[in-house]
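What follows is a single structure, written as structure tokens, with notes after it.
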Number of protein chains: 2
Amino acid sequence: MDAGSSVLTAGLDLGGTKILGVVADAAGRMVAEQRRPTPPGPAAALSEMAAVLRDLRAAVPGVAAVGVGAPGLVDLEGVLHYAPNLPGFEGVEVRASVEAASGLPVSVDNDANAAALAEVLYGAARGRSEVLLVTLGTGIGGGIVTGGRLYRGGHGFAAEIGHVTVDPDGPPCACGGRGHWEALASGTALGRMGREWAARGDAPGVLARAGGRADDVLGYHVGAAALEGEADGLALMSAHGRAVAIGLGGLVNVLDPEVVVIGGGLVELGDILLDPIRAELPAFMEAPGRRTLPLVVAAELGEHAGAVGAAVLARTLAPSAGLGSPQESTVP
Amino acid sequence: MDAGSSVLTAGLDLGGTKILGVVADAAGRMVAEQRRPTPPGPAAALSEMAAVLRDLRAAVPGVAAVGVGAPGLVDLEGVLHYAPNLPGFEGVEVRASVEAASGLPVSVDNDANAAALAEVLYGAARGRSEVLLVTLGTGIGGGIVTGGRLYRGGHGFAAEIGHVTVDPDGPPCACGGRGHWEALASGTALGRMGREWAARGDAPGVLARAGGRADDVLGYHVGAAALEGEADGLALMSAHGRAVAIGLGGLVNVLDPEVVVIGGGLVELGDILLDPIRAELPAFMEAPGRRTLPLVVAAELGEHAGAVGAAVLARTLAPSAGLGSPQESTVP
């Protein structure tokens, strides 16, 4: 073990339902883990984050700095400006609050950005420096890595890929917009498609798994039917793959990643999810026959990706780490 | 004048209709300019590029390196893989050819990437490091600058923003796709909208400027009517501004630029073009009321942007420049 790998940092992933915290060493190994439910309101949630951090430090002394992944628009100063799944969090100074509670230096970024960094350093995109992470779950989140570093944009708000308009006449989005990629291709959208198909009699296998009531169909039932080889489940996954590819093809045109890492809850379906995306992607890319297509792979770090990535973010703040930016270690 | 500013590099902008060449010093000043029509076929075009370069070097001795901007997918080795407006150019080794003809080191990139670099160093985005260039002309091209450097992606193909799908049921694109941003929001698309409105009687002012024949309406006639205050011309520019904003809002969500520079032929219309884009943009951005919006400004370097940017690309190849990457000079 070199001197750098003995440095410990904490990572907190602030989610809509839970706060997941880890302590990781400079090689990305998790040496402690704590979780608590996310209470409503920013004051209570910040207090619980501080409690998770206290528990982690009690379990493993020597934490030098803290990173936080938060679900929304986080600026370069660590202020959360917009968090659709955390009511009341607009304008909350997350960095300042966690610093005051812990006495440690704190870095805050978007949760999917943190997850992207973790997948590049320790997960599905190890050894790559041009990577796009796409999380397919309740919504769609994203993180962009270029030159081995996170792409944050001018104000810290980059990689908000879920609310790109891909069909101006498409279904309404939870954000109030219309035809956003998230409204067409998230796990929530897969459930909506399943209900629509079931209601018109086109998804008997899916309907049976939801107890025969079309209104009860969720993305889970579609995935279950597809995994068991039901034709309607597979057809729905194919339609969903096309919806993913419409947005993803555009992002590949813009970003030209070597690897697209698919994360989020839907990725538990494995190739039943990924194969239709891979099949449909070229149709929505420029000149697909005359270029190298990106690999489309499943995320590997599961629910820990955001917290581990947040712990990586914190390393730049740990003076004893003896590193410049740890992100630089991924540049070939 | 410091030592670096005496270094001269040449930039060639290979267009569908002309080859524009310049020699520039390290401060971006053009000290020579030459142009020739682009002949059909790669062999003849490469020969004419060599001739433009010879003319430039005869006019100004001491050129140390050459940059080329080419209209299509250029990989990191300087091979043009796809060039919709240059038939037969697929797979042409542009860098190797210009090097062999000139005996000088050569760097090749996409033409809009080169233009973006020029606008950041010497044009509308001076002093900014997070910039998106969008060219609205026959098609839509793009260049992305982050951290003061060009974003090239994993294979050199990044910033192909014109063929992002923004409406799966939209009009056909020249590339064979459907509903691409370019098919909805380019200068060509403005002309198509003008013809459609004129044919159904909704654009009398535009129609009059096209000699009364709807089939003859071009984007030019729409712009002329708008500039003279005709209601139908202004309404068409507003509809066009919305079409631009659909794609641009998504790109701002993904890239979070400080500044969006609009170039290409349409930008000669000035605020008649830009004001509708500025007005419609927030509707297609995530949480527009809770974040800093990018400035949307007109390009300043006109037809010279690509050639000057290409000359900048060449600087990294000129050993006497005494610089690392000249792009680094824009990093704050």
In chain B, which longest range has no trypsin sites (Lys or Arg not before Pro) that are both DSSP loop (not H, G, I, E or B) and surrounded by at most 13 other Cβ atoms within 10 Å? B:214-332
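Given axes a ≥ b ≥ c from the Cα gyration tensor, I'd like to know whether segment B:205-318 is rounded (a/c under 1.5), prolate (a/b larger than b/c) or oblate. Spell out each step's value before the answer.
Working: a/c = 2.89, a/b = 1.30, b/c = 2.21.
The shape class here is oblate.
FRET efficiency for B:GLU196 and B:LEU227, Cβ-Cβ distance as r, R0 = 22 Å, nearest 0.05?
0.60
Leaving out ligands, DNA and RNA, what percent of the accessible area of segment A:75-130 is carbon and sulfur, probe 1.4 Å?
On the way: 920 of 2030 Å².
Carbon-and-sulfur percentage of accessible area, whole number: 45.
I need the shape label for chain B. Rule: rounded when a/c is under 1.5, else prolate if a/b > b/c, else oblate, with a, b, c from the alpha carbon gyration tensor.
Numbers: a/c = 1.95, a/b = 1.54, b/c = 1.26.
Prolate shape, in that a/c is at least 1.5 and a/b is the bigger ratio.
Where does chain A land at 222 nm, in deg cm²/dmol rounded to the nearest 500, when only DSSP H runs of n ≥ 4 count, each adding -39500 (n - 2.57), divided by all residues?
Working: 10 runs with 117 residues, N = 332.
It comes out at -11000 deg cm²/dmol, rounded to the nearest 500.
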Under the Karplus curve 6.51 cos²θ - 1.76 cosθ + 1.60, θ = phi - 60°, whole-Hz ³J(HN,Hα) for segment A:204-214, x wherever Gly or Pro sits: x, x, 5, 4, 4, 6, 9, x, x, 10, 4
Using only Cα atoms and rounding to the nearest 10 degrees, what angle (0 to 90) does helix A:187-199 make with the longest principal axis of chain A? 20 degrees
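Using 0.36 nm times the number of residues separating A:ARG178 and A:THR17, minus their current alpha carbon distance, what extension gain do you get?
Working: separation 161, 0.36 × 161 = 57.96 nm, distance 2.59 nm.
Difference between extended and current length: 55.4 nm.
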Taking the Cα centre of chain B as the origin and placing charges on Cβ (Lys, Arg +1; Asp, Glu -1), which of B:ALA239, B:ALA208, B:VAL259 is farthest toward the positive end of the dipole? B:VAL259
Segment B:181-234 and segment A:97-172 have their Cα centres apart by a whole-number Å value of 42 Å
Cut-off 10 angstrom, C-alpha nodes, Gaussian network model of chain A. Which of A:GLU99, A:GLU228, A:GLU182 fluctuates the most? A:GLU228
Once you place label points 7 Å from the Cα toward the Cβ at B:VAL60 and A:ASP169, how far apart are they in nm? 5.3 nm
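When only C-alpha pairs under 8 Å and at least 6 residues apart count, what is the relative contact order of segment A:86-217, in percent? Intermediate values should be presented prior to the final figure.
On the way: 181 pairs, mean separation 18.3, N = 132.
With pairs under 8 Å counted, the relative contact order is 14 percent.
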How far, in degrees from 0 to 90, does helix B:111-122 lean away from the longest principal axis of the Cα atoms of chain B, to the nearest 10? 80 degrees
Please work out whether segment B:122-214 counts as rounded, prolate or oblate from its C-alpha gyration tensor, where a ≥ b ≥ c are the square roots of the eigenvalues and a/c under 1.5 means rounded, while otherwise a/b larger than b/c means prolate and anything else oblate? oblate
Please give, to one decimal in nm, the separation of the simple spin-label points placed at B:ALA208 and B:ALA239, each 7 Å out from Cα toward the Cβ. 1.9 nm
Using Cα pairs under 8 angstrom and six or more residues apart, how large is the relative contact order of segment B:222-312, in percent? 33 percent
Mean per-residue count of partner chain Cβ within 10 Å for B:287-293 equals 6
For chain A, what does the relative contact order come out to in percent, with C-alpha contacts under 8 Å and a separation of six or more? 22 percent
Where Lys and Arg each count +1 and Asp and Glu each count -1, what net charge lies around B:ARG128 among other residues with Cβ under 10 Å from its Cβ? -2
Which residues does a label at A:SER47 reach in segment A:88-120, if reach means a backbone N under 19 Å from a point 7 Å past the Cα toward the Cβ? A:88-90, A:92-103
So the A/B interface buries, both sides summed and with a 1.4 Å probe, an accessible area in Å² (nearest 100) of 3700 Å²
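Taking 45 Å as R0, compute the FRET efficiency from the Cβ-Cβ separation of B:ALA279 and A:ASN85 and round it to 0.05.
Working: r = 30 Å, r/R0 = 0.67.
Efficiency for this residue pair is about 0.90.
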Does anyone have the angle between helix B:42-59 and the longest principal axis of chain B? Alpha-carbon axes, 0 to 90°, nearest 10? 60 degrees
For the pair B:ARG290/A:ALA27, report the inter-label distance in nm, with labels modelled 7 Å from Cα in the Cβ direction. 4.1 nm
Amide H neighbours of B:ALA299 under 5 Å, at least 5 residues apart or on other chains, H built in the peptide plane: list them. B:ILE262, B:GLY263
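The values are calculated or read from the model by the stated rules, or taken from the named source; none is laboratory data. In this text the structure is predicted, and so the values were computed from the model without any measurement. Backbone-built Cβ (ideal geometry, glycine too); neighbour counts: all protein chains shown. Side chains are part of the model used for accessible areas, which takes the heavy atoms of the whole protein and leaves out ligands, DNA and RNA. Shrake-Rupley method; radii C 1.70, N 1.55, O 1.52, S 1.80 Å.
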